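Before any comments, here is the structure.
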Amino acid sequence: MRVWPRLFLGLVLSLLALWPVHAQAPQVEQLVLQRTPEALFLSARMALQPSPVVEDALYKAVPLYFVWHADVYRQRWYWTDKRVASATRTLRLAYQPLTRRWRVSLSNETAATSGGASLQYALHQNFDSLNEALAGVGRVVRWRLADSAQLDPEARHEVEFSFGLDLSLLPRPFQIGMGNQPEWTVELRQALPVPGQAEPDRGPDVGAGVQAVELTGEAIVSEPAR
């Protein structure tokens with residue numbers, strides 16, 4: 001009779017081994033909207049834990065692209081909400097085998113049809129470990145979403161933002177079949193109400209845990225936008 005529990009345990013372990021591995025959705029650690037007399041800012045921090053498949057691709061020097069996107073809407077009771085502002089930032093994460101370091105590149109534009117190769121980067125930074133690089137990718141400090149002039153002081157507004165891994169920016173050979181692989185899905189979508197009134201600008205420290213420096217690697221290299 002003792003054989004049956006062992007057989008049952010072996011069957012369960014076999015099924016778990018065949019169960020597909022999913023990437024964990026980004027965990028929100030900090031999310032703050034700040035409306036000042038000058039503009040509307042977003043500060044956020046996400047904890048990223050890529051699946052083994054995604055991590056393996058990174059170590060094989062396949063660059064991955066993470067995109068922050070936000071739309072600001074003015075609510076209208078008589079019609080659909082009106083989009084008054086949009087903002088996008090793209091971060092390229094790549095492993096450098098020769099130096100065994102990680103490089104994060106920041107672009108404030110949306111890629112064209114040619115994918116990530118068409119992006120122009122304004123900031124590059126190196127990190128010693130993947131965890132440090134992912135922390136830089138998943139953090140934004142005082143991201144300017146809209147100017148104060150774009151916000152109607154008499155209306156209510158809402159921000160719809162998304163953050164995730166954009167597979168469409170990868171080279172085409174890597175995109176084949178990825179749409180059906182859930183372990184490559186890294187995405188978060190959320191809506192936030194905009195504060196009704198502007199508050200005095202408190203600088204980068206808009207909440208507990210938000211750091212003033214957006215990327216915290218060893219060296220920062222700024223390049224002029226082209």
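The values are calculated or read from the model by the stated rules, or taken from the named source; none is laboratory data. Just so it is clear, the structure is predicted and the values come from calculations on it, not from any experiment. Every residue, glycine as well, gets a Cβ built from its backbone with ideal geometry; the counts of neighbours run over all protein chains shown. These accessible areas exclude ligands, DNA and RNA; they are computed on the full protein's heavy atoms, side chains included. Shrake-Rupley method; radii C 1.70, N 1.55, O 1.52, S 1.80 Å.
Identify the residues of the stretch 122-147 with backbone N under 15 Å of a label point that sits 7 angstrom from the Cα of Val28 along the Cα-to-Cβ direction, or state none.
Under 15 Å, as judged by backbone N against the label point of Val28, lie 139-140 of the stretch 122-147.
Return the sequence-ordered ³J(HN,Hα) values of the stretch 54-59 in whole Hz as given by the Karplus equation 6.51 cos²θ - 1.76 cosθ + 1.60 applied to θ = phi - 60°, using x for Gly and Pro.
With the stated coefficients, the stretch 54-59 comes to 5, 5, 5, 5, 4, 5 Hz.
Need one number: nm distance between label points at Ala191 and Asp56, each 7 Å from Cα along Cα→Cβ, rounded to one decimal.
3.9
Provide the packing ranking of 75-83, 138-146, i.e. peptides ordered by the mean count of other C-beta atoms within 10 Å per residue, highest first.
Descending packing order for the listed peptides: 138-146, 75-83.
How large, in percent, is the carbon and sulfur part of the accessible surface of the stretch 45-155 at a probe radius of 1.4 Å?
Taking all protein chains in place, the stretch 45-155 shows 49 percent carbon and sulfur surface.
When the Karplus curve 6.51 cos²θ - 1.76 cosθ + 1.60 is applied with θ = phi - 60°, which whole-Hz ³J(HN,Hα) does each residue of the stretch 95-103 get, with x for Gly and Pro?
Running phi through 6.51 cos²θ - 1.76 cosθ + 1.60 with θ = phi - 60° gives 9, 10, x, 5, 9, 6, 10, 10, 10 Hz.
Along the stretch 68-79, what does the Karplus equation 6.51 cos²θ - 1.76 cosθ + 1.60 (θ = phi - 60°) give for ³J(HN,Hα), rounded to whole Hz, x for Gly and Pro?
Result, rounded to whole Hz: 9, 9, 9, 10, 9, 10, 9, 6, 9, 6, 9, 7.
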